[in-house]
1. Hey, what does the equivalent ellipsoid look like for segment 155-281, semi-axes from the Cα gyration tensor as sqrt of 5 times each eigenvalue, largest first, whole Å?
2. Return the whole-Å distance between the Cα centroid of segment 118-135 and the Cα centroid of segment 268-324.
3. Under the rule of -39500 (n - 2.57) per DSSP H run of 4 or more residues, summed and divided by the residues of the chain, what mean residue ellipticity at 222 nm is obtained, to the nearest 500 deg cm²/dmol?
4. Label-point separation (nm) for Val458 and Ala16, each offset 7 Å from Cα along Cα-to-Cβ?
5. Beyond 18 Å, how much of the Cα-Cα pair distribution for segment 92-240 remains, as a whole percent?
6. Which part of segment 116-144 falls in the paramagnetic zone of Arg99, meaning amide N under 14 Å from the point 7 Å along Cα-to-beta-carbon?
7. For the pair Asp133 and Ser486, what calculated FRET efficiency results from E = 1/(1 + (r/R0)^6), where r is the Cβ-Cβ distance and R0 = 60 Å, to the nearest 0.05?
8. Could you put His300, His278, His456 in order, starting from the residue whose Cβ has the fewest other Cβ atoms within 10 Å?
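The numbers here are math on the coordinates, done by the rules we state, and not lab data. This is a predicted model, so every value here is computed, not measured. We place every Cβ from the backbone using ideal geometry, glycine too, and count neighbours over all the protein chains shown.
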Amino acid sequence: MRAFLLLLLFSTTSFALETGSRVFSVPEKLKGRVQFWVDIYSKFGERHRVVHHRMYPQAVFTVLDFYQESRRMGPRELENHIAATESSMKTTIEGILRRFARGERPISVFEKQVFSAMEKVPGGSEKYLRAIDEDLIRTQTGIREKFAEAIHRSGRYLLFIEKVFVAEGMPVELSKLPFVESGFEYRAVSSAGAAGLWQFMPRTGREFGMRIDSVIDERRDPIIATRAAARYLKGAYNRLGDWGLALTSYNHGVAGVAKKINEIGIRDLATIIEHPVHRPFGFASNNFYPCFLAALIVTHNKSALFPDVRAAPPLILREDRVPKATGVFALSKKYGISVDSLKEANYALSSRVWEGRVPVPAGYNLRLPASEVSGVSIIAAAEPTQKIVPTVSVVSESVYTVKAGDTLSGIARRYGMSVSALKSLNSKSTSTLRVGEQLKVKGKGAVSKAVKAKVHIVKKGDTLGKIAAKYNVSPATLKQENNLKSDIVRVGEKLNIP
């Protein structure tokens, strides 16, 4: 009964699901699911367990509150108590669902709550036994305390991250994705091996030019990883033609999302997520975009939801290239700053470096706290006074899409650039290329014939994403240029190409 009353209390404190964004609004079909994650982020804490339907998490059966027990039990005793209570609650709910499957009506207040929750799940009476047979009763721990910590940590990085996305002409709201991925914790490592603020897997990190070995793991470098994340999301958007799909691909892969779209013949992400029959994605991928929207809502309303939480000061770093392999203790002496201060600024260096077992490699761009050194250029974080201007679309730049057989030197020659200039322009630390990667280019060959085109007549098989990719512009730019209200294009339609 206590858990049920707690659920009523929290349900009455919900507010409008406003993201504060013109790009990322909450689709009507997703409001229940997004509200669930808003509550997980901002209302329920680490001692709450929200018992819900796995496929439709907005169907909440009850909320278990263990805060009182946590004050009188030790960690192990509390852990065992929570597990036993969750198991007992699941058994109780399964028994109620079996009664509903037999056509019986709810009698008690709690049974009415379970019945009301199941009304949010599509289907007839078979949905009750399905929830039991397919193990669809799930518990979710609240993360209010962790989200508060993430808001504080985000202050160190958000100005720089926003600056990167604005420079790329991408929606500035994408800078909030680390709230979902890592909580802005650079040391975060997933059970699958993803690491850093942006949770790159090793293979994907290397595909985007990051060095990952026993000495350096650039996934942990907020600057390098942010630029790589921007390139990934921009490429995903250009291929999939929708920011929701692009963000889902961050968890499920671009090819995986494209394959699922083709299999079920639906492009609208909200329809895919809430589909009553098809379930193309697993739990994490299906809830990834709703979680992102929830993070936007919570941060947009953080002064009301987290009135006592303050963001940390922005991280402002200087950079100096290490000319030859040098130990951290020698570098500490050279710059007159502590090893701990160096460590706080150079997340990519491994523990072997900080233990003095291996030196900092030659050519490494050493990060230095701006407050502790001078005479070296500032390279990270927008100045605290700089105004970040949100944008609503991807602004196309002169880009080259890598094809099979391409080399960095060959592309550089084609556009009258040096290899080093091309690598610098694209923040690449290696010469590795992957087919489909988009490189910024400059020079006489940078503007292709496709960009010079003025009108495209839509042909059979064309999609907004395909047309955009053909002319090296973004789908959002095409929509804005042609006043399109959706991503749908029709055969024979004429599109102006900016």
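1. Details: eigenvalues 140, 55, 35 Å².
One finds semi-axes of 26, 17, 13 Å for segment 155-281.
2. Centre-to-centre distance over Cα atoms comes out at 30 Å.
3. Details: 23 runs with 223 residues, N = 498.
Helix-only estimate at 222 nm: -13000 deg cm²/dmol.
4. Reported label-point gap for Val458 and Ala16 is 3.3 nm.
5. Details: 7346 of 11026 pairs.
Result: 67 percent of Cα pairs exceed 18 Å.
6. Zone members listed by number: 116.
7. Numbers: r = 39 Å, r/R0 = 0.64.
Rounded to the nearest 0.05, the efficiency is 0.95.
8. Working: His300 17, His278 13, His456 20.
With the sparsest Cβ surroundings first, the list reads His278, His300, His456.
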